[in-house]
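Novice: My structure is below; once you've seen it, I'll send some questions.
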Amino acid sequence: MATVENNIPPGEDPAPYHEPAHDPRRRDFINIAAVSFAGVGAVAIVLPLINQMNPSADVLAQSTTEIDISKIAPGQAIKSSFRKQPLFVRNLTPKEIGEANAVDVGSLRDPQTLAERTKAGKENWLITLGVCTHLGCVPLGAGEGENKGPFGGYFCPCHGSAYDTAGRIRQGPAPQNLHVPEYNFTSDTVVTVG
Ligand code: FES
């Protein structure tokens, strides 16, 4: 006599297979994990984007500054900035040029002629960083009415360094002349520094 096993009558197919219902705790974990990865991914993408908005040191080092010099009268100077440093642009008078050229270059701490610190045919344009070569203070002398010191150029109030009309160190602790950056006259009225 035929036996009936598993309560399935003879000749009938067994019931179709159904997957067991998902464990809700496991699904929650998968969702949380996915969100967490998405969050980390968003931060990983956003940070480089924010960083791209700041100029890198390389970009800053290659940057140039254009300066309109058309309004700087003889005897005047302006303060600008170049690669985040103060920059002085000065239009020397014939008298100031004469005073600079009258100096015995051999007697200077950092021997340089005015011609070596300016462009040929444009010796009246003295373009230097406005950073004292002693400890980096910003010297006076570029602003209207500021103390130009005993040599008529620039005077550093921090420790008394005095620069002449060519921006050369003449007195005080600064070891070097005010630095002259790379620059070119793009036109008669525009200088590109850098
Ligand atoms: S920083 Fe200019 S004299 Fe010291």
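The values are calculated or read from the model by the stated rules, or taken from the named source; none is laboratory data. Model, not experiment: these values are computed from the prediction. Using ideal geometry, Cβ is built from the backbone for each residue, glycine included, and neighbour counts are taken over all protein chains shown.
Novice: Can you work out which of the residues in region 93-114 that are without any contact (Cβ under 8 Å) to a residue 12 or more places away in the chain and either surrounded by 17 or more Cβ atoms within 10 Å (Cβ to Cβ) or under 12 Å from A166 (Cβ atoms) (or both) is nearest to the ligand (Cβ to nearest atom)?
Specialist: Here the residue is P111.
Novice: Something else now. So which of H159, H134 ends up being over 21 Å from S63 (Cβ atoms), loosely packed, with under 14 Cβ neighbours inside 10 Å, within 16 Å of the ligand (Cβ to nearest atom) and of a type outside the set (A, V, I, L, M)? Quick ask: steps written out before the conclusion?
Specialist: Details: H134 fails: loosely packed, with under 14 Cβ neighbours inside 10 Å.
It is H159.
Novice: State whether the residues of region 120-136 include one that is hydrophobic (A, V, I, L, M, F, W, C) and over 21 Å from V191 (Cα atoms).
Specialist: In the first step, residues of region 120-136 are kept if they are hydrophobic (A, V, I, L, M, F, W, C); the result is 120, 125-127, 129, 131-132, 135.
Imposing the further condition that a residue be over 21 Å from V191 (Cα atoms) reduces the set to 132, 135.
Checked against the condition, which is being hydrophobic (A, V, I, L, M, F, W, C) and over 21 Å from V191 (Cα atoms), region 120-136 yields at least one hit.
Novice: Enumerate the pairs (first residue in region 128-150 and without any contact (Cβ under 8 Å) to a residue 12 or more places away in the chain; second residue anywhere and surrounded by fewer than 18 Cβ atoms within 10 Å (Cβ to Cβ) and assigned to a strand (DSSP E or B)) with beta-carbon separation below 8 Å, excluding pairs fewer than 6 apart on the same chain, so at least 6 apart or on different chains.
Specialist: Partner pairs satisfying both residue conditions: E146/L140; N147/L140; K148/L140.
Novice: Turning to a different aspect of this structure: Any residue at all in region 98-107 that's in contact with a Leu (Cβ under 8 Å, 6 or more places away or on another chain), at negative phi and modelled with pLDDT of 70 or more? Explain how you work it out, then say what you get.
Specialist: The initial filter retains those residues of region 98-107 that are in contact with a Leu (Cβ under 8 Å, 6 or more places away or on another chain), namely 100-101.
Filter once more, keeping what is at negative phi: 100-101.
After this cut, where a residue has to be modelled with pLDDT of 70 or more as well, the list is 100-101.
Scanning region 98-107, I find at least one residue that is in contact with a Leu (Cβ under 8 Å, 6 or more places away or on another chain), at negative phi and modelled with pLDDT of 70 or more, so the answer is yes.
Novice: Failed condition for A120, given (1) surrounded by 13 or more Cβ atoms within 10 Å (Cβ to Cβ); (2) away from the ligand (no atom under 16 Å from the Cβ), with all others met?
Specialist: The number of the failed condition is (1).
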